[in-house]
Amino acid sequence: LDVSAQSAKQAKDDWLETTKFNWKSFCDYDVKRQFKKYSVLGKSALPEEKYTKLEKIISDMEAIYATAKICDYKDKKICNLSLEPELTNILIKSRDPEELKHVWIEWRKKTAATKDLFKDYVRYSNEAARLNNFKSTTGYWLDDYESPTFVAEVEKLWDQLKPIYLQLHAYVRTKLRQRYGDIVSEKGPIPAHLLGNMWAQTWGNIADFTRPFSNVTNLDVTGEMIKQGYTPLKIFKTAEEFFVSLNLTKMLPLFWERSILEKPSDGRELICHASAWDFYDQKDFRIKQCTRINYDDLITAHHEMGHIQYFLQYSSQPPIYREGANDGFHEAVGDVMSLSIGMDKIAFLPFAYLMDRWRWGVFDGNISPENYNCKWWEYRTQIQGIEPPIDRSEADFDPASKYHIVADVPYLRYFISYVVQFQFHRAACEIAGEYDPKNPEKPLHKCDIYQSTKAGEKLAKMLQMGSSRPWPDAMEVLTGQREMDASGLLEYFSPLYKWLEAENKKNGAYIGWEPTQRKC
């Protein structure tokens, strides 16, 4: 908090300096753009006392989240279960609906303690936005996308993607009914605690009984990693090797010296949520991740190293441009390296879309504190087609069960990322000669850009721009396109889409969902 206050003061001093210039009349594009970026101060625009308060509120919410522990379902005397790794592992492995329900409910009981703090957070956050000439935090969050119609563009993307999600939803609901019986209704939303993930945002953890072609042996990547003696270090060395194969930059010595790649064993409390850090001195870049030896964490390591690669590529830009062309680009880069399974990618889309739709409503005053939770469930049910395992009320505060809500981290970036990464992937695959839209022998979902220095060079050109130009300019460098477009994702998953349609028809599965019977 102390360092944050010092940083805010420095930012405010710089900002006051820029206000002395009539920069809007400047002719030089680059100088004008840097001034424009410096003119948006963010939270630091608040008076010092309020700034400190806002930072402390966020820090307190994060502390509640990071230290929340619940009791074990089977042994009520054991009450030290954290989200990582214990609760996450139960949701991955347990197939007892009562145990899953217990974990789901108890975690939310603990994180609901942030509700009053969250109300204050919204108030101060909006005040900061208004001091930056935005109507609310919504406008401030969307500013980097540099488009007044961006919300409508995002809605259009979701409309493009909805049909494949509906097919996946119907298929998975059928499989859950076969597994759990009547606690999953034939035509209703899916109970949120049965999907293998605390927020029902990715469904890959229930692949053991939902996977098509169950007679085909699945690649056991986790088992193989354990057999080959993988360590957290080896996982990150493997990720680095992929980037180097594209002729991108190696990790610098300080990365290996100062990163935290596994959960500390010295009793320190640590937010285990994986993250990548740029220390802005052009040599110190770090990852903080409580790495477990499994396939998921191998993917996460590639994702986080994608952030580091972006940091490295734009490190010679002026500091104000050392960021992604938009925040969705940053999330997409690592994912291009690790394009994975449909159960995770497609299932995630509506969740990523509704997280910020709910917050925009909160910031804009259309969702009041009196109906925070019920509105949250309205979105989860209508957009995502899931329902809580028990009735909810305004005594609950379920949005706070998710890290990004309490940590003041916008989420739309992940939705954007899932769309643009397939545009990037398609372009990189064409450059690598691994994909040809006219050749059925070279479909998009089979492309692998490993060792393609040509694709790497083109990717690097886009990354090196940072935010020195609007994101359509950066996208054009790699893809030749200037708009976000879900056709890359839909093409990648078209074999799956066709299969799901046929399977759902065969099973007489209901597409979509009727209103939930759960009350809020």
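Over the alpha-carbon set of segment 238-308, divide Rg by the Kirkwood Rh and report the Rg/Rh ratio to two decimals.
0.97
Note on segment 130-222: Cα Rg divided by 2.2 N^0.38 Å, N the number of residues, gives 1.57.
Going through the cross-link list K32/K454; K9/K69; K93/K438; K345/K461, which pairs have a Cα-Cα distance over 31 Å in this structure?
Beyond 31 Å: K32/K454; K9/K69; K93/K438.
Report the far tail of the P(r) of segment 284-385, meaning the percent of Cα-Cα pairs longer than 23 Å. Value for segment 284-385: 48 percent of Cα pairs lie more than 23 Å apart. G488 sits among other residues whose Cβ lies under 13 Å from its own Cβ, and their net charge, with Lys and Arg +1 and Asp and Glu -1, is -3. Hey, how many Å between the Cα centroid of segment 195-216 and the Cα centroid of segment 452-520? Here the two parts' Cα centres lie 20 Å apart.
Taking 15 Å as the straight-line reach from the Cα of K442, the aspartates and glutamates in range (excluding those fewer than 8 positions away in the same chain) are E430, E434, E491.
Taking 4.7 Å between beta carbons as the limit, the unpaired Cys residues of the chain are C27.
Rounded to whole numbers, the Karplus 3J(HN,Hα) couplings from phi for segment 343-349 are 4, 8, 5, 6, 4, 6, 4 Hz, using 6.51 cos²θ - 1.76 cosθ + 1.60 with θ = phi - 60°, and x at Gly and Pro. Segment 322-452 has equivalent-ellipsoid semi-axes of 36, 16, 11 Å, by the square roots of 5 times the alpha carbon gyration tensor eigenvalues, sorted largest first.
Which one is right for this structure if Cα Rg over 2.2 N^0.38 Å is calculated from it: (1) 1.18; (2) 1.04; (3) 0.97? Among (1) 1.18; (2) 1.04; (3) 0.97, the one calculated here is (3). Here the chain has 51 percent of its accessible surface on carbon and sulfur atoms, given a 1.4 Å probe and all protein chains in place. Considering only alpha-carbon pairs that sit under 8 angstrom and 6 or more positions apart, the relative contact order computed for segment 384-475 is 16 percent. Couplings 3J(HN,Hα) of segment 489-497, computed from phi: 4, 5, 5, 4, 9, 4, x, 5, 4 Hz, in residue order, whole Hz [Karplus 6.51 cos²θ - 1.76 cosθ + 1.60, θ = phi - 60°; x for Gly and Pro].
Note that segment 102-142, at 25 °C in a medium of 0.890 mPa s, gets a Stokes-Einstein diffusion coefficient of 209 µm²/s from its Kirkwood radius over C-alpha pairs. Amide H contacts of L261: Q289, each under 5 Å away and 5 or more positions distant or on a separate chain (H built 1.01 Å from N in the peptide plane; Pro and chain starts excluded).
So, for the chain, what is the accessible surface per residue at a probe of 1.4 Å, expressed in square angstrom? Walk me through the intermediate numbers first.
On the way: 23610 Å² over 520 residues.
For the chain, the solvent-accessible area averages 45 Å² per residue.
Backbone amide hydrogens, once placed in the peptide plane, bring E387 within less than 5 Å of I190, A192, excluding anything fewer than 5 places away on its chain. Computed from point charges on the beta carbon alone (+1 for Lys and Arg, -1 for Asp and Glu), the dipole magnitude for segment 1-143 about its Cα centre is near 440 Debye. For the chain, averaging the sequence separation of C-alpha pairs within contact (under 8 Å, six or more residues apart) and dividing by the residue count gives a relative contact order of 19 percent. Cα centroids of segment 106-176 and segment 261-323: 24 Å apart. Measuring spread by the Cα atoms of segment 36-104 yields a radius of gyration and Dmax of 19.4, 58 Å. The orientation-averaged projected area of the convex hull spanned by the Cα atoms of segment 188-273 comes to 9.8 nm².
Helices in the chain, meaning DSSP H runs of at least 4 residues, each add -39500 (n - 2.57). Divided by all residues, the mean residue ellipticity at 222 nm is -17000 deg cm²/dmol.
The radius of gyration of the Cα set in segment 369-520, together with its Dmax, comes out at 20.8, 57 angstrom. Only protein heavy atoms count here; on that basis, with a 1.4 Å probe, S59 has an accessible area of about 50 Å². What net charge is computed for the residues neighbouring L500, neighbours being all others with C-beta under 13 Å from the C-beta of L500, Lys and Arg scored +1, Asp and Glu -1? Neighbour charge sum, excluding L500 itself: +4. Which net charge results when you count Lys and Arg as +1 and Asp and Glu as -1 among the other residues whose beta-carbon is under 14 Å from that of K175? Taking every other residue near K175 into account, the sum is +3. Across segment 56-70, computed HN-Hα scalar couplings (Karplus, 6.51 cos²θ - 1.76 cosθ + 1.60, θ = phi - 60°) run 5, 4, 5, 4, 5, 5, 5, 5, 4, 5, 5, 9, 4, 9, 10 Hz from first to last residue, x flagging Gly and Pro. Selection among I206, M337, N126 by position relative to the dipole of the chain gives I206 as farthest towards the positive end (Cβ unit charges, Cα centre).
The values are calculated or read from the model by the stated rules, or taken from the named source; none is laboratory data. Predicted model, so just to flag it, every value in this text is computed and none were measured. Glycine gets a Cβ as well: all are built from the backbone with ideal geometry, and neighbour counts include every protein chain shown. Ligands, DNA and RNA are stripped out before the accessible areas are found, and what is left, the full protein with its side chains, is counted by its heavy atoms. Shrake-Rupley method; radii C 1.70, N 1.55, O 1.52, S 1.80 Å.
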